[in-house]
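As structure tokens, the structure follows; a few thoughts come after it.
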């Protein structure tokens, strides 16, 4: 996909976001679980190559900033190789945030490095 097509697709996805609802407990606006599941279907194409993304990972904020994409819903999604292409280097174990979603990936990277 061309950069113009990707930008148009991102703009179209942003227009489909439902409004957030104030949480009765913390008063912070949130989406309901059903809305989050529906939105997940909007965000599963890579912003670099346009193919579907099956990777589930979380990078540290300073690494994600290097990709040029926003944070949060509508910010964009990238395959790991596309992240590397955008930041101009290979990812390392230290680039991944210390969350359980990264446990299997961090284990695989540890094995690959040895």
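The values are calculated or read from the model by the stated rules, or taken from the named source; none is laboratory data. All figures in this text were calculated on a predicted structure; none of them were measured in a lab. Neighbour counts are summed over all protein chains in view; Cβ atoms, including those assigned to glycine, are modelled from backbone coordinates with ideal geometry.
Applying the set (1) modelled with pLDDT of 90 or more; (2) out of contact with any helix residue (DSSP H, G or I) (no Cβ under 7 Å at 6 or more places or on another chain) to residue 63 leaves exactly one unmet item: (2).
Could you tell me whether any residue of the range 20-35 is at pLDDT below 80, touching a strand residue (DSSP E or B) at 6+ places or on another chain (Cβ under 9 Å) and closer than 30 Å to residue 2 by Cα? For the range 20-35, residues at pLDDT below 80, touching a strand residue (DSSP E or B) at 6+ places or on another chain (Cβ under 9 Å) and closer than 30 Å to residue 2 by Cα: present.
The set of residues in the range 94-113 being under 12 Å from residue 60 (Cβ atoms) and either assigned to a helix (DSSP H, G or I) or at pLDDT 85 or above (or both) consists of 94, 95, 96, 97, 98, 102. Of the residues making up the range 70-90, those that are out of contact with any helix residue (DSSP H, G or I) (no Cβ under 8 Å at 6 or more places or on another chain), surrounded by 15 or more Cβ atoms within 10 Å (Cβ to Cβ) and either part of a loop (DSSP other than H, G, I, E, B) or touching a residue at least 40 places away in the same chain (Cβ under 8 Å) (or both) number 2.
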